[in-house]
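Before any comments, here is the structure.
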Amino acid sequence: MSSERRKSNHAEGLSGKRILCVVTGGIAAYKSALLVRLLTCAGASVRVVMSRAAAEFVTPLTFETLSGNPVHTDLFARRDRPSIQHVELSEWADRVVVAPATADILAKAALGVADDVASTVLLAARAPVLFAPAMNEAMWNAPATARNVERLRADGRIVLDAGSGSLACGAVGPGRMMEPDEIARRIEESFAPGDLAGTTILVTAGRTEEAIDPVRYLTNRSSGRMGFAVARETRARGARVILVHGAVDVPVPAADETVRVSDAAGMKRAVAKAFGSCDVCVMAAAVSDFTPARTSDAKIKRTKAGLAIELRPTEDILRSLAKRKGGRIVVGFALETENGEANARRKARDKGCDYMVLNEPGPGTGFGSETNRVTVFKGTAKLFATPVVSKEEAARRIVDALVRDRRLGKRRR
Ligand code: CTP
């Protein structure tokens with residue numbers, strides 16, 4: 001289902017749902033009052049937990065009035081049953097939404113710290129949890145925050161994108177909380193039966209490492225982020241996901257089957273084995289085009305004469321899969337440093353892929369970056385190009401395009 005169609009029956013999907021809102025201490029807490037109002041107006045039953053810091057920004061009375069339920073601010077409010085309250089709240093909820101999610105709560109949740117009512121309900125939550133981050137630009141861009149977001153996503157939590165715009169600190173940049181109506185829409189969307197239910201998606205990610213000798217190898221700069229974002233997105237939308245990955249720099253997300261490979265030959269074997277049972281194969285891995293003709297059993301010693309390593313081409317996995325794809329949809333990725341669109345079209349045609357996703361490394365895009373700008377082709381016809389967006393958002397748009405493909409509809413069981 002496209003984002004547009006999902007938008008159209010807004011509100012219906014929230015009726016009767018039990019939403020636990022966790023409000024933490026940021027100025028965006030005032031916007032969460034509107035979120036609670038939107039959710040209750042849509043027929044959801046809402047309970048609110050506030051951190052001590054959140055209560056400094058907006059009073060619990062505001063949320064009590066809007067939700068029509070008592071607000072929980074203290075882990076020990078019920079002296080008779082201190083540990084019960086958060087467990088009951090966590091069990092009660094169909095969805096938990098943390099808005100605003102400060103850098104502090106992201107860090108606590110990523111580590112499993114439970115030292116107040118907000119962090120404790122999160123650790124105990126079994127329902128899907130959505131985080132709507134809000135903080136200043138420096139905190140949002142801090143490596144620790146990026147690590148925590150990555151960890152939470154790998155744990156299956158949904159971390160919504162932070163928007164760009166004017167921040168309360170006066171700066172303009174990323175770190176702004178997503179608008180309440182968009183957060184409500186994402187919560188609603190998380191209840192929709194997955195539009196990929198009944199399909200199996202094979203996703204490859206990361207880089208291969210071609211051994212030169214026992215200690216050295218030939219590789220590239222792929223981090224695994226883009227492929228992992230596709231794996232998470234397709235799984236969140238109900239697909240059975242088989243993830244085949246090489247070396248990566250980020251936590252491996254949950255999948256229905258996971259195969260770790262080291263080199264191009266291993267990638268080929270693992271993909272060939274899984275291909276028969278998939279409906280869609282997304283080849284996001286950066287597979288080495290060359291491998292040493294011989295791998296030395298012993299470490300190659302330094303010589304004065306220098307060293308020439310003979311390389312032989314690896315098999316083009318994508319091309320060989322596309323030849324025997326039958327009704328399956330095969331998606332390739334093309335990394336181009338020049339003549340991007342022309343090269344992507346040529347690759348789509350030569351390799352016989354149904355879709356080609358073009359990546360052009362530049363500021364904020366490509367290997368190692370958390371953001372990307374992609375151009376998607378159906379065969380050789382350009383479908384759309386994104387601006388620089390998070391890799392999660394790029395994955396959403398790619399998957400939206402696949403879901404619209406008639407062939408996928410026919411294969412959905
Ligand atoms: N690919 C593959 N097997 C290989 C090399 C690449 O299946 N041995 C796949 C990648 O997973 C990607 C697509 O082919 O989906 C394009 O990879 P890319 O490196 O951009 O293209 P190449 O065909 O390797 O061409 P070149 O490196 O010359 O640009």
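The values are calculated or read from the model by the stated rules, or taken from the named source; none is laboratory data. Note that the coordinates shown come from a computational prediction; the quantities given were computed from them, not determined experimentally. For neighbour counting, all protein chains shown are included, and Cβ atoms are generated from backbone atoms with ideal geometry for every residue, glycine included. Keep in mind that these areas ignore ligands, DNA and RNA; they rest on the heavy atoms of the full protein, side chains included. Shrake-Rupley method; radii C 1.70, N 1.55, O 1.52, S 1.80 Å.
Check every one of the strands (runs of 3 or more DSSP E) wholly within region 297-413 and list those with 2 or more residues that are in the same structural domain as S277 (by TED's automatic domain parsing) and either open to solvent by 60 Å² or more (accessible area, probe 1.4 Å) or more than 30 Å from G163 (Cβ to Cβ) (or both).
Per the criteria, 311-313, 329-335, 381-385.
Is there any pair linking a residue in region 161-177 that is more than 12 Å from A138 (Cα to Cα) to one that is of a type in the set (V, I, T) and part of a strand (DSSP E or B), with Cβ under 7 Å and at least six apart or on different chains, and which?
Note: pairs meeting the criteria are G165/V172; S166/V172.
Of all residues in region 297-313, how many are touching a residue at least 60 places away in the same chain (Cβ under 8 Å) and within 16 Å of the ligand (Cβ to nearest atom)?
Within region 297-313, residues that are touching a residue at least 60 places away in the same chain (Cβ under 8 Å) and within 16 Å of the ligand (Cβ to nearest atom) number 1.
Which numbered condition in (1) β-branched (V, I, T); (2) modelled with pLDDT of 95 or more; (3) within 16 Å of the chain's Cα centre (by Cα) is the only one that V271 fails?
(3)
Yes or no, residue by residue, for (1) modelled with pLDDT of 95 or more; (2) in contact with a Pro (Cβ under 9 Å, 6 or more places away or on another chain); (3) of a type in the set (F, W, Y); (4) crowded, with 24+ Cβ neighbours inside 10 Å:
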site	(1), (2), (3), (4)
E4	no, no, no, no
K7	no, no, no, no
E12	no, no, no, no
V36	yes, yes, no, yes
A42	yes, no, no, no
V48	yes, yes, no, yes
A54	yes, yes, no, yes
V58	yes, no, no, no
K108	yes, no, no, no
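Please work out which one of (1) within 16 Å of the ligand (Cβ to nearest atom); (2) of a type outside the set (S, T, N, Q); (3) under 19 Å from L202 (Cα atoms) is the condition R407 fails and give its number.
It is condition (1) that R407 fails.
Any idea how many residues of region 218-240 are polar (S, T, N, Q) and crowded, with 24+ Cβ neighbours inside 10 Å?
Result for region 218-240: 2.
Consider region 230-277. How many of its residues are of a type in the set (V, I, T), out of contact with any Cys (no Cβ under 9 Å at 6 or more places or on another chain) and over 10 Å from I201 (Cα atoms)?
Looking only at that region, the number is 7.
Can you name the number of the only condition in (1) open to solvent by 30 Å² or more (accessible area, probe 1.4 Å); (2) within 16 Å of the ligand (Cβ to nearest atom) that V244 fails?
Tallying (1) open to solvent by 30 Å² or more (accessible area, probe 1.4 Å); (2) within 16 Å of the ligand (Cβ to nearest atom), V244 fails exactly one: (1).
Yes/no per residue for (1) modelled with pLDDT under 95; (2) away from the ligand (no atom under 13 Å from the Cβ); (3) touching a helix residue (DSSP H, G or I) at 6+ places or on another chain (Cβ under 8 Å):
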| position | (1), (2), (3) |
| --- | --- |
| I317 | no, no, yes |
| G332 | no, no, yes |
| L335 | yes, no, no |
| K347 | no, no, no |
| G352 | no, no, yes |
| G362 | yes, yes, no |
| G366 | yes, no, no |
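Return the only residue of A138, A55, A132, A99 being touching a residue at least 40 places away in the same chain (Cβ under 8 Å), over 23 Å from A231 (Cβ atoms) and not in a loop (DSSP other than H, G, I, E, B).
Going through A138, A55, A132, A99 in turn, the sole match is A99.
Return yes or no: is I201 in contact (Cβ under 8 Å) with a residue 40 or more places away in the chain, part of a strand (DSSP E or B) and touching a Leu at 6+ places or on another chain (Cβ under 9 Å)?
Considered against the rule, which asks whether it is in contact (Cβ under 8 Å) with a residue 40 or more places away in the chain, part of a strand (DSSP E or B) and touching a Leu at 6+ places or on another chain (Cβ under 9 Å), I201 comes out as yes.
What do you reckon, is A114 within 20 Å of M50 (Cα to Cα), touching a Lys or Arg at 6+ places or on another chain (Cβ under 8 Å) and either surrounded by fewer than 16 Cβ atoms within 10 Å (Cβ to Cβ) or among the aliphatic types (A, V, I, L, M) (or both)?
yes
What's the total number of residues in region 204-217 that are buried (at least 19 other Cβ atoms within 10 Å of the Cβ) and of a type in the set (A, V, I, L, M)?
2
In region 250-296, which strands (runs of 3 or more DSSP E) lie fully inside it and hold 2 or more residues that are within 15 Å of the ligand (Cβ to nearest atom) and surrounded by 15 or more Cβ atoms within 10 Å (Cβ to Cβ)?
Because the criterion is at least 2 residues that are within 15 Å of the ligand (Cβ to nearest atom) and surrounded by 15 or more Cβ atoms within 10 Å (Cβ to Cβ), the strands (runs of 3 or more DSSP E) in region 250-296 that meet it are 280-283, 290-292.
Might you check whether a residue that is of a type in the set (A, V, I, L, M), buried (at least 17 other Cβ atoms within 10 Å of the Cβ) and more than 30 Å from P70 (Cα to Cα) occurs anywhere in region 128-141?
The answer is yes; a qualifying residue exists.
Working only within region 148-167, note down all residues that are in a helix (DSSP H, G or I) and out of contact with any Pro (no Cβ under 9 Å at 6 or more places or on another chain).
Scanning region 148-167 gives N148, L152.
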